[in-house]
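I have placed the structure first, in the form of structure tokens, so that the comments after it can refer back to it.
The values are calculated or read from the model by the stated rules, or taken from the named source; none is laboratory data. Keep in mind the model is a prediction, meaning the values are calculated, not measured. Here Cβ is always computed from backbone atoms with ideal geometry, including for glycine, and neighbour counts include all displayed protein chains. SASA here: full protein model, heavy atoms, side chains in, ligands and nucleic acids out. Shrake-Rupley method; radii C 1.70, N 1.55, O 1.52, S 1.80 Å.
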Amino acid sequence: MTDRISEIQERLDKATPGVWSQDVLYGSEFIWAGEDDDALKVAEGFGIDNANFIADAKQDIPYLLAEIERLKGAGE
């Protein structure tokens, strides 16, 4: 992996595990890390589009890293 991809993987590995999600409560957007009763509030009040992006990044980044590895393997 390149240094940049290794850094991205390291940040991902340090993040709270589990699915991240967003929700609107009392008119404010919240981002939750983890699931169910163990979920942590990560951020609040960023706007719905930003909240969706941040929450989905936790699921999107592992997919993209795996796709990079798959494509690198296909080129060998």
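Quick rundown of the values:
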quantity: Derived scalar couplings ³J(HN,Hα) [segment 22-34; Karplus, 6.51 cos²θ - 1.76 cosθ + 1.60; whole Hz; x for Gly, Pro]; calculated: 10, 8, 10, 10, 6, x, 10, 8, 10, 10, 10, 10, x
quantity: Debye-sum result for segment 1-63 in log10 I(q)/I(0), which assumes one identical scatterer on each alpha carbon, at q = 0.29 Å⁻¹; calculated: -1.20
quantity: Å² of accessible area per residue within the chain, as computed with a 1.4 Å probe and no ligands counted; calculated: 74 Å²
quantity: With every protein chain in place, segment 16-61: carbon and sulfur % of accessible area (1.4 Å); calculated: 53 percent
quantity: Heavy-atom SASA rank of T16, T2 (probe 1.4 Å, accessible area, largest first); calculated: T2, T16
quantity: Residues whose placed amide H lies under 5 Å from that of E29, excluding near-sequence neighbours; calculated: G45, F46, G47
quantity: Estimated [θ] at 222 nm from DSSP helical runs (n ≥ 4, -39500 (n - 2.57)) normalised by residues in the chain, nearest 500; calculated: -17500 deg cm²/dmol
quantity: Counted charge near D49, where neighbours are those whose Cβ lies closer than 14 Å (Asp, Glu -1; Lys, Arg +1); calculated: -2
quantity: On Cα atoms only, tilt of 3-14 relative to the major axis of the chain in degrees; calculated: 40 degrees
quantity: Karplus (6.51, -1.76, 1.60) ³J(HN,Hα), θ = phi - 60°, over segment 47-63, in Hz, Gly and Pro reported as x; calculated: x, 5, 5, 5, 4, 4, 4, 5, 5, 6, 4, 4, 8, 6, 4, x, 4
